[in-house]
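Peer 1: Submitted below is the structure of interest, expressed as structure tokens.
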Amino acid sequence: MPESAEEALIEALRAEHLDLVEEARVIRPKRVAILARREGFLDLARALRDEHGFLHPVSAGAVDYPKEYRIQMIYYLMNPSSRFMLTLRVDLPRDEASLPSMTRIWEAMSFHEREAKEMFGIDFEGHPNMVPLLLPPDWRGGYPLRKDFEGEGAEP
Amino acid sequence: MSEPEIKPDIMRISWGPQHPMSGQTRILLDVDGEIVHRLIADLGFTHRGIEKILENRTFMKGIIPIERMVMVDTANIGLGYVLAIEEALGVEVPERANWIRSMICEMARINSHLYAFGLQAEATGYFPAVFLWTTVDREVLLDLFERLTGARWSYNFFLPGGVNADLPEGFQDKVIEGIQYLRGRFAQYWDAMVENAIFEMRCEGVAVLTREDALRLGATGPVLRGSGVDMDVRRDEPYAAYGDLNFKVITETAGDSMARLKVRFHEIGQSLDMIEQVANEVPGGPVRTRAPLFARAKPGEALSRVETARGELGIHMFTDGGMNPYRVKINSPTLRNMYVFERLAELDEVLIADVPVVINSIDPWYLDSDR
């Protein structure tokens, strides 16, 4: 028997969706990290919502790792009954960072994906309204939260 | 923001950012006659790049910019960041410091909810006086903050490892005095606002958000609890001294603007009780462990969650062994609630005249959503 809800989730995912999950671990109580594969990411997200009750979206954001040549996109999700924070992650190559939009699964990820697009340059395929969220419409400075951002006016 | 297309026979009104009731944002209203069909929020007018600023400062120095996110609620925001630092550096906090933290956080919550009441009274158009009352009454709290921390706003009082100073001589008595005064005042607010027939007409049944929609759209804080969802980080994942304090999670089932206001009203009552409990029962001992001011955190990550006045704030801090955080992701409550606001016109009938009431019922703080 798994000891906690966190471990139960990880065991269930390993049993059902082993091919979609790269790595799953409990960081500490109430914090679970799942690193998913880019292929089939949408299927895993749908399974998390429909089969594991993660129907309460919290947020989404990204982290840039230029040395390892990847950007990690992170979705923060919550299950209203077990109430731990699930961070669903996926690594994307820096030069062609693209992912199917999660707005099909969690509508409220719309704002967060718009922010990730303007701040990190991640393309979300199938996003219904991809316009800048926080930056001005005439912004020409590249992607501000990438580590190699040099200031407004530099080439993206 | 480039504007989405307008449907035929629909007029688009641009509301804000100069409108007195809109705050620092622009809302596009697609209206047919008096009925609003679609709300579109244009955020970003107060974007300052706090996440990038934090990457270029040491852990300690980040406390100052991050508290600027929500000026009426600096304690809760600052605590979220400090908790993330403590998790990243592995710093322990003495019990007395935790109790003092909880007290200040609850005082800040009252301060913030008072401001929300004042604005909601303004938005209904009938009670400009209430805004003055709340502004006067929060002086009680600001004086207490000044006595304890030396500053009325943005006190930078929480540090990794505890709090900056111990409670001054006679502070608990002043707190009890202030609580008794505020309890009397809130009885008056209840009569003037919640029990008032005109206020009821403006708020009751306006912009109803059902339980399912609140969960699905990622609402948080009083917006989520006003729709009957029993979620509060203080109880679900106790931080500071909330594991030892007596309180219940407040929920309302109606899901309308009035329910969200009532949640805030009842939360203030709970906050006053908690502050009183801290003033009476705060344990002795040191208020700070010596944490190094300039420290290197080992590579890894820390994710802290706190319940601010507007809802759940998450600080996800990545460290790479350097003096600064590698990346700080701020999960801001207002950004989540603004998405709910955008959808409200489609979920329930909203009139043009109701828009100020609806936007203030989610209690937005645009410096929080824009960061």
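Peer 1: Only one residue in A:110, A:81 is touching a residue at least 24 places away in the same chain (Cβ under 8 Å) and either under 22 Å from residue B:214 (Cβ atoms) or in contact with a Ser or Thr (Cβ under 8 Å, 6 or more places away or on another chain) (or both), so which one is that? Can you show your working first?
Peer 2: On the way: A:110 fails: touching a residue at least 24 places away in the same chain (Cβ under 8 Å).
Just one listed residue meets the conditions, A:81.
Peer 1: Please work out which residue is farthest from the chain's Cα centre (by Cα), limiting yourself to the range B:228-243 and to residues that are more than 12 Å from every other protein chain (Cβ to nearest Cβ) and part of a loop (DSSP other than H, G, I, E, B).
Peer 2: The first filter runs over the range B:228-243 and keeps only residues more than 12 Å from every other protein chain (Cβ to nearest Cβ), leaving B:234, B:240-243.
Among the residues that remain, those that are also part of a loop (DSSP other than H, G, I, E, B) are: B:240-243.
On the way: B:240: 17, B:241: 19, B:242: 17, B:243: 20 Å.
Looking at the filtered set, the residue picked out is B:243.
Peer 1: Let me ask something else about it. Please work out if residue A:136 is facing another protein chain (nearest Cβ under 9 Å), of a type outside the set (S, T, N, Q), surrounded by 16 or more Cβ atoms within 10 Å (Cβ to Cβ) and outside any helix (DSSP H, G or I).
Peer 2: no
Peer 1: Still on this structure, please answer the following. Take the residues in the range A:107-126 that are in a helix (DSSP H, G or I), within 15 Å of residue A:59 (Cβ to Cβ) and acidic (Asp, Glu); name whichever of them is nearest to the other protein chains (Cβ to nearest Cβ).
Peer 2: Among them, the one singled out is A:115.
Peer 1: Examine the range B:36-53 for a residue that is touching a Phe, Trp or Tyr at 6+ places or on another chain (Cβ under 8 Å), within 25 Å of residue B:336 (Cα to Cα) and among the acidic types (Asp, Glu), and state whether such a residue exists.
Peer 2: No, the range B:36-53 contains no residue that is touching a Phe, Trp or Tyr at 6+ places or on another chain (Cβ under 8 Å), within 25 Å of residue B:336 (Cα to Cα) and among the acidic types (Asp, Glu).
Peer 1: Which members of the range B:312-339 meet the condition of being at the interface with another protein chain (Cβ under 10 Å from one of its Cβ atoms) and of a type in the set (Gly, Ala, Ser)?
Peer 2: Those that are at the interface with another protein chain (Cβ under 10 Å from one of its Cβ atoms) and of a type in the set (Gly, Ala, Ser): B:314, B:332.
Peer 1: Of the conditions (1) touching a Ser or Thr at 6+ places or on another chain (Cβ under 7 Å); (2) surrounded by fewer than 23 Cβ atoms within 10 Å (Cβ to Cβ); (3) more than 14 Å from chain A (Cβ to nearest Cβ), residue B:284 clears all except one; give me its number.
Peer 2: Of everything listed in (1) touching a Ser or Thr at 6+ places or on another chain (Cβ under 7 Å); (2) surrounded by fewer than 23 Cβ atoms within 10 Å (Cβ to Cβ); (3) more than 14 Å from chain A (Cβ to nearest Cβ), residue B:284 misses just condition (1).
Peer 1: Identify all residues within the range A:46-70 that are more than 11 Å from every other protein chain (Cβ to nearest Cβ) and touching a Pro at 6+ places or on another chain (Cβ under 9 Å); write none if there are none. Don't jump to the end; show me each part of the working.
Peer 2: Initially, the range A:46-70 is screened for residues more than 11 Å from every other protein chain (Cβ to nearest Cβ), giving A:46-48, A:50-52, A:66, A:68-70.
Within the range A:46-70, A:69, A:70 meet the criteria.
Peer 1: Now, a different point. State whether the residues of the range A:30-44 include one that is in contact with a strand residue (DSSP E or B) (Cβ under 8 Å, 6 or more places away or on another chain), more than 14 Å from chain B (Cβ to nearest Cβ) and under 17 Å from residue B:327 (Cβ atoms).
Peer 2: There is no residue in the range A:30-44 that is in contact with a strand residue (DSSP E or B) (Cβ under 8 Å, 6 or more places away or on another chain), more than 14 Å from chain B (Cβ to nearest Cβ) and under 17 Å from residue B:327 (Cβ atoms).
Peer 1: Right, something else. Within the range B:244-264, is there a residue that is surrounded by 18 or more Cβ atoms within 10 Å (Cβ to Cβ), within 13 Å of chain A (Cβ to nearest Cβ), among the polar types (S, T, N, Q) and outside any loop (DSSP other than H, G, I, E, B)?
Peer 2: Within the range B:244-264, none of the residues are surrounded by 18 or more Cβ atoms within 10 Å (Cβ to Cβ), within 13 Å of chain A (Cβ to nearest Cβ), among the polar types (S, T, N, Q) and outside any loop (DSSP other than H, G, I, E, B).
Peer 1: OK, next. State the number of residues belonging to the range B:203-219 that are within 14 Å of chain A (Cβ to nearest Cβ), in a loop (DSSP other than H, G, I, E, B) and either of a type in the set (A, V, I, L, M, F, W, C) or over 17 Å from residue A:82 (Cα atoms) (or both). If you could, list the steps in order and put the result at the bottom.
Peer 2: First, pick out the residues of the range B:203-219 that are within 14 Å of chain A (Cβ to nearest Cβ): B:209-219.
In the following step, the residues that additionally are in a loop (DSSP other than H, G, I, E, B) were identified as B:209-210, B:217-219.
Now drop any that are not either of a type in the set (A, V, I, L, M, F, W, C) or over 17 Å from residue A:82 (Cα atoms) (or both), which leaves B:209-210, B:217, B:219.
Of the residues in that region, 4 qualify.
Peer 1: Which pairs turn up if I take residues in the range B:26-44 that are within 14 Å of another protein chain (Cβ to nearest Cβ) and over 15 Å from residue B:4 (Cα atoms) and look for partners that are buried (at least 18 other Cβ atoms within 10 Å of the Cβ) and acidic (Asp, Glu) with beta carbon separation below 9 Å, at least 6 apart in sequence or on another chain?
Peer 2: Final answer for the pair search is B:44/B:370.
Peer 1: Residue A:82 is checked against (1) farther than 18 Å from residue A:12 by Cβ; (2) among the hydroxyl-bearing types (Ser, Thr, Tyr); (3) outside any helix (DSSP H, G or I) and fails just one. What number does that condition carry?
Peer 2: It is condition (1) that residue A:82 fails.
Peer 1: While we're on this one: Here is a list of conditions, (1) under 22 Å from the mean Cα position of the chain (by Cα); (2) of a type in the set (A, V, I, L, M); (3) outside any helix (DSSP H, G or I), and residue B:291 meets all of them except one; can you say which number that is?
Peer 2: (1)
Peer 1: Which residue pairs have Cβ atoms under 6 Å apart, sit 6 or more places apart or on different chains, and have a first residue in the range B:123-137 that is crowded, with 21+ Cβ neighbours inside 10 Å and a second that is in a helix (DSSP H, G or I) and of a type in the set (Lys, Arg)?
Peer 2: B:124/B:202; B:137/B:185
Peer 1: Filter the range A:22-67 down to residues that are crowded, with 18+ Cβ neighbours inside 10 Å, of a type outside the set (Gly, Ala, Ser) and in a strand (DSSP E or B), then give me how many there are.
Peer 2: 8
Peer 1: Now for a separate question. Look at residue B:154 and say whether it is at pLDDT 90 or above and touching a helix residue (DSSP H, G or I) at 6+ places or on another chain (Cβ under 8 Å). Walk me through it before giving the result.
Peer 2: On the way: at pLDDT 90 or above: no; touching a helix residue (DSSP H, G or I) at 6+ places or on another chain (Cβ under 8 Å): yes.
For residue B:154, the condition - at pLDDT 90 or above and touching a helix residue (DSSP H, G or I) at 6+ places or on another chain (Cβ under 8 Å) - is not met.
The values are calculated or read from the model by the stated rules, or taken from the named source; none is laboratory data. Keep in mind it's a predicted model, so treat the numbers as computed, not measured. Reconstructed Cβ throughout: ideal geometry from the backbone, glycine too, with neighbour counts over all protein chains shown.
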